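Shown next, in structure tokens, is the structure this report addresses.
Any read-out appearing in this document is the output of simple, stated calculations on the displayed coordinates, not a laboratory observation. Since we're looking at a predicted model, the values are computed, not measured. Neighbour counts run over all protein chains shown; Cβ positions are idealised from the backbone, glycine included.
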Amino acid sequence: MKEVLKRLAEAEERLREAKKAEGKARGKVEKVREELKALREEASSLKTKLEELKERRRRLLEEAREALRSSKSLEKGLRVSLEEAETKLRDLEWKYQTTPLSKEEERRFLERMRELEAVVKAWRKVGALKRRADSLFKEADEVKAEEAKLRQRLKELWPQLSQLRERLSKLKEERGEAWRRVKEALAEVKKWRREAGRLRSQELEVKATLLAEEARRKELIAKEALAKLKGGERVTIDELKILLERRPSLEAEHRE
């Protein structure tokens, strides 16, 4: 029994160590899983942002090209340059203010000035459209630069993700091996507990048998001592002790 209890204690110690090792292995797996999850979420977020930037750049370029098309279309209808139109307009305004004019001449002057003002306004709109296009193209370039940064970060993430997946796979194998050792240790503990239980049962059976035999022996001694006393014979101190101990059972047996 002593050897079995020793084996049981050793098995229980191995089980504690195996559980401890399995817990550490499980912790490592969870840690790498969290790292992998974080990188995957980052990669997913980067992809989403990249698509948003691509769409934003597409809209900026489309708007810039539309502004250029509008400026070119407007410019085609202009037969004089902005400088020429502004110069002629200033000349006409000066003459209009300094020269006596008939009503007809005044009408023609005003009509011509309105025409030149419309040309100057058109040229200024052309300039505004071109500046708008330049601004949009510049913003699109800035967005493109942001896209490049995101692509670079994604490029850096792929090998990290690959390494973490490989590490996770190995750690899962290690955790599986640790769990196998736990099951082996647990099976061994159960085996020695069963053996210890079996031996305890045997010991109890033996003890019960011995007690029963001892009870029968004392019963016999008590009966013999009682017979001696009734016959006027002397009994020993031990016989008397046993007789006194067994007297209640003898009296009960006698009554029956």
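For a footprinting-style exposure proxy, rank 98, 48, 87 by other Cβ within 10 Å, fewest first.
Sorted ascending by nearby Cβ count, the order is 98, 48, 87.
Which entry is the computed log10 I(q)/I(0) by the Debye sum over Cα atoms at q = 0.10, 0.13 Å⁻¹ for this structure: (i) -0.74, -0.90; (ii) -0.45, -0.79; (iii) -0.86, -1.01?
Checked against the structure: label (iii).
For n ≥ 4 DSSP H runs only, could you compute -39500 (n - 2.57) per run for the chain, divide by its residues and tell me the 222 nm figure to the nearest 500?
Roughly -35500 deg cm²/dmol at 222 nm, from the helical runs in the chain.
Could you give the size of the charge dipole of the stretch 2-255 about its Cα centre, using +1 on the Cβ of each K and R and -1 on the Cβ of each D and E, expressed in debye and rounded to the nearest 20?
Approximately 540 debye in magnitude.
For the stretch 55-109, state which trypsin sites (Lys or Arg not before Pro) are in a DSSP loop and have at most 16 other beta carbons lying within 10 Å of their beta carbon.
Working: sites: 56, 57, 58, 59, 65, 69, 72, 76, 79, 88, 90, 95, 103, 107, 108; in loops: 79.
Listed in order of number, the matching sites are 79.
Among 6/191; 47/170; 24/155; 31/191; 49/170, which pairs are too far apart, with a Cα-Cα distance over 25 Å?
Exceeds cut-off: 47/170; 24/155; 31/191; 49/170.
Tell me which of 29, 196, 176 sits at the most positive position along the dipole axis of the stretch 2-255, charges placed on C-beta atoms (Lys, Arg +1; Asp, Glu -1).
With unit charges placed on the Cβ atoms, the residue in question is 196.
Provide 24, 207 in ascending order of the number of other Cβ atoms located within 10 Å of each residue's Cβ, fewest first. Please report the intermediate quantities before stating the final value.
Numbers: 24 13, 207 10.
Exposure proxy ranking, most exposed first: 207, 24.
Report, ordered by chain and residue number, the lysines lying within cross-link reach of residue 218, taken as a straight Cα distance under 29 Å and ignoring same-chain residues fewer than 8 apart.
Partners found: 207, 228, 230, 241.
Pick out which of 142, 219, 233 has the largest mean-square fluctuation in a Gaussian network model of the chain, springs linking Cα atoms closer than 10 Å.
It is 233.
Give the relative contact order (percent, whole number) for the chain; include only Cα pairs under 8 Å separated by 6+ residues.
RCO, the chain: 36 percent.
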